[in-house]
1. Based on this model, can you work out whether residue 77 counts as within 21 Å of the chain's Cα centre (by Cα), within 24 Å of residue 206 (Cα to Cα) and assigned by TED's automatic domain parsing to the domain that holds residue 158?
2. Among residues belonging to the stretch 121-175 that are in a loop (DSSP other than H, G, I, E, B) and polar (S, T, N, Q), point out the one that is farthest from residue 67 (Cα to Cα).
3. Quick one: would you say residue 263 is under 18 Å from residue 313 (Cβ atoms), among the aromatic types (Phe, Trp, Tyr) and touching a residue at least 60 places away in the same chain (Cβ under 8 Å)?
4. Of 194, 231, which residue is touching a helix residue (DSSP H, G or I) at 6+ places or on another chain (Cβ under 9 Å), among the β-branched types (Val, Ile, Thr) and either surrounded by 19 or more Cβ atoms within 10 Å (Cβ to Cβ) or in a helix (DSSP H, G or I) (or both)?
5. Would you pick out the residues in the stretch 280-326 that are hydrophobic (A, V, I, L, M, F, W, C), over 19 Å from residue 228 (Cα atoms) and buried (at least 19 other Cβ atoms within 10 Å of the Cβ)?
6. As an exercise: evaluate residue 241 against (1) more than 29 Å from residue 67 (Cβ to Cβ); (2) surrounded by fewer than 18 Cβ atoms within 10 Å (Cβ to Cβ); (3) hydroxyl-bearing (Ser, Thr, Tyr) and give the number of the one condition it does not meet.
7. Of all residues being assigned to a loop (DSSP other than H, G, I, E, B) and more than 21 Å from the chain's Cα centre (by Cα) in the stretch 263-280, which is nearest to residue 241 (Cα to Cα)? Just the residue, please.
Amino acid sequence: MVDFLEKIESLKGYLSGGCKNIAIVTHTNPDGDAIGSSLAWAKVLRDMGHEVHTLVPNRYPAFLDWMDGIGEMVVAKEQPEVATEIIAAAELVFVMDLNKIDRLDSMTEPLMASEAPHILIDHHLMPPDDYSLQFSYPEMCSTAFVTYKIIEAMVGTEAITTEMAENLYAGIMTDTGNFAFSYLTPDLMRSVAVLLERGLEIPKVYNAVYNSYSASRVKLLGYSLGKKMEVLAKGKAAYMSLTEKEMRRYNFQLGDSEGFVNYPLSIAGMKMSAIFIETRKFVRVSLRSRGDEVDVNLFARRYFGGGGHKNAAGGKSFVSIDETIEIYKKAVIEYFKENGI
């Protein structure tokens, strides 16, 4: 706690001295936690009198369109020159919900060239030590929760508007699987209670995120589960895969496959689930587990050059989707045998 409060004082120092030109960046294929934490933190900084720009490498999912402030986000893939100019002009850069800026596509080079202090707000494992200041807490459920704790310590929860509460809750809700995953603590639930006091309506946010999908997306989910789900390791592991052709058949939009990987975990005895999504340059790998037996963070690091958390992780494969599936099958056998599963 002392260390955290010392960091808060350091943060105040970076923000002192009048209006600062600030850039907030988050990861490729931004999710509810990335967007929610970025927008809430941007509002706090603007209310303090700073000029703030929020940036994402590529387009966010349509089911997040309702979030307050999202229309002001600069999508670097669509406006590369604007994004580069913003980063170059920034006096301070906040990196949200990822810890390695070399994974930010077209924003990586401008960020690497930036001489402004870089401050990390994140909850992923093993951050590099080259940030000017780090708020990195892997034991916390989400970057939105880390952001909430910073707001609480720095300006007080009275500064949280209803819109900020909704954005923060969306990040917490989506990164905990609607509070089904680990990392749930009394402190987290007390924080949600404060967000309710600040005007949060939980059904409103839940419906905006989970009950606003297209008919094509629901059909794609049915196809994925009915035709593409395979079970192995005596019912303890499963996987699904989607090719570009299959996704086009269902009018795939960014974010449509969000959450698919969780469904096989509803099967009794299931320990781990994976989904493989084919893109032009690589196969995106998403991994989920339940309980303590399978650490998908370690699994992703070992077999797919990725990482994440104990029960939620991801990586990439640069071979075909069929070859990727074979790697996964062999990896499951090897990992389960080594760990007595």
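1. no
2. 132
3. Here the answer is no, as residue 263 does not meet what is asked.
4. 194
5. 294, 296, 299, 300, 304, 312, 313
6. The one condition residue 241 does not meet is (2).
7. Of all residues in the stretch 263-280, those assigned to a loop (DSSP other than H, G, I, E, B) come to 267-271, 279-280.
Okay, now just the ones that are also more than 21 Å from the chain's Cα centre (by Cα), so 267-271, 280.
Values: 267: 18, 268: 21, 269: 21, 270: 18, 271: 18, 280: 15 Å.
In this case the residue turns out to be 280.
Table: residues versus (1) surrounded by fewer than 16 Cβ atoms within 10 Å (Cβ to Cβ); (2) of a type in the set (Val, Ile, Thr).
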site: 126; (1), (2): yes, no
site: 139; (1), (2): yes, no
site: 148; (1), (2): no, no
site: 151; (1), (2): no, yes
site: 158; (1), (2): yes, no
site: 168; (1), (2): no, no
site: 171; (1), (2): no, no
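The values are calculated or read from the model by the stated rules, or taken from the named source; none is laboratory data. What you see is a predicted model, and the numbers here were worked out from it, not measured in a lab. Here the Cβ is made from the backbone with ideal geometry for all residues, glycine too, and neighbour counts use every protein chain on show.
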